[in-house]
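The values are calculated or read from the model by the stated rules, or taken from the named source; none is laboratory data. The shown structure was predicted, so the numbers you read here are calculated from the model rather than taken from an experiment. Cβ coordinates were reconstructed from backbone atoms using ideal geometry, including for glycine residues, and neighbour counts include every protein chain displayed.
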Amino acid sequence: MARRRQIYEGKAKVLFEGPEPGTLVQYFKDDATAFNNKKKGTITGKGVINNRISEYLMNRLGDIGIPTHFIRRLNMREQLIRQVEIIPLEVIVRNVVAGSLAKRFDMEEGTALPRSIIEFCYKSDELNDPLITEEHITAFGWATSQDLDEIMAMSLRINDFLGGLFYGIGLRLIDFKLEFGRVWDDDQMRILLADEISPDSCRLWDVKTNEKMDKDRFRRDLGGVEEAYQEVARRLGIMPESGPRDMPGPDTIQ
Ligand code: TMP
């Protein structure tokens, strides 16, 4: 069978040429990395679950008017997306002190922040995704001040919406990472939410037990990694009863 042309391979996903111009197929792998590729592993069924979780969350965000790259899920591991020009930023929204913020300021993980914080990192594996400011972003031309205003407004809206959505299923949205991209419709540039939203890119703690239900289980060797991803999907109501089995499903798209 003819393989589609691969456009890009990242650590957790592969992008293939889509069926129509301006589209791509985003394939979710089970590969997991942490600490910029220094730790490598596999989380069985992660690709299947993240494909579903990201589909679900992007659709809900679309429902409230957030423009996203998501078009539709194609099969167990693939979704059709709009091709965007990725803005080389990792936009991190934090509600509670954890991870690199806790380390940077020697603060205790779990301390609620008085207000949500947005941080920017420059997307570069070679440089280890360094933390940057708006000054770097505008001076180096990665985005304009106007783009950043739009990105920050969207990120805070996404935070409010997802925070409520996850709280409703007993999970605290501690922090998460977003990526945005540009598209041109009739010469008009628009910024869309891109990449994925999943337990790979969010910290989610159980409201009652504070148990970590995200990729930190892999990063910190806490065990029960697969189970945590499955539980998030189950609580969202999108986990098939039979589990994250790989169904053969259609391989390509009409
Ligand atoms: P951090 O505390 O390690 O900076 O991570 C903040 C959030 O961003 C956390 O929810 C995990 C997510 N994240 C990614 O999605 N990709 C990354 O490469 C890193 C470092 C963090």
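Pairs under 6 Å by beta carbon, first residue on the phi < 0 side of the Ramachandran plot in the range 158-185, partner aromatic (Phe, Trp, Tyr), six or more apart or different chains?
These pairs meet every condition: 172/205; 173/166; 174/205.
Give 52, 4 a once-over and let me know the one that is outside any strand (DSSP E or B), more than 16 Å from the ligand (Cβ to nearest atom) and surrounded by 20 or more Cβ atoms within 10 Å (Cβ to Cβ).
52
Among the residues of the range 69-97 satisfying the criterion of being hydrophobic (A, V, I, L, M, F, W, C) and within 11 Å of the ligand (Cβ to nearest atom), which is nearest to residue 193 (Cα to Cα)?
Checking each candidate, the answer is 91.
Going by the structure shown, is residue 184 in a strand (DSSP E or B) and more than 16 Å from the ligand (Cβ to nearest atom)?
Values: in a strand (DSSP E or B): yes; more than 16 Å from the ligand (Cβ to nearest atom): yes.
It is true that residue 184 is in a strand (DSSP E or B) and more than 16 Å from the ligand (Cβ to nearest atom).
Looking at the range 230-246, can you tell me whether even one residue there is at pLDDT 95 or above, within 16 Å of the ligand (Cβ to nearest atom) and either part of a helix (DSSP H, G or I) or more than 24 Å from residue 137 (Cβ to Cβ) (or both)?
Looking for residues that are at pLDDT 95 or above, within 16 Å of the ligand (Cβ to nearest atom) and either part of a helix (DSSP H, G or I) or more than 24 Å from residue 137 (Cβ to Cβ) (or both), one finds at least one in the range 230-246, hence yes.
Restricting attention to the range 196-217, and to residues there that are in contact (Cβ under 8 Å) with a residue 60 or more places away in the chain and part of a loop (DSSP other than H, G, I, E, B), which single residue is farthest from the chain's Cα centre (by Cα)?
By that ranking, first place goes to 210.
Cβ-Cβ below 7 Å, separation at least six or inter-chain, first residue in the range 98-113 and more than 7 Å from the ligand (Cβ to nearest atom), second aromatic (Phe, Trp, Tyr): which pairs?
none
Looking at 178, 148, which one is outside any helix (DSSP H, G or I) and either away from the ligand (no atom under 15 Å from the Cβ) or modelled with pLDDT of 95 or more (or both)?
Of the residues listed, the single one that is outside any helix (DSSP H, G or I) and either away from the ligand (no atom under 15 Å from the Cβ) or modelled with pLDDT of 95 or more (or both) is 178.
Can you report the number of residues in the range 114-132 which are within 12 Å of the ligand (Cβ to nearest atom) and of a type in the set (A, V, I, L, M)?
3
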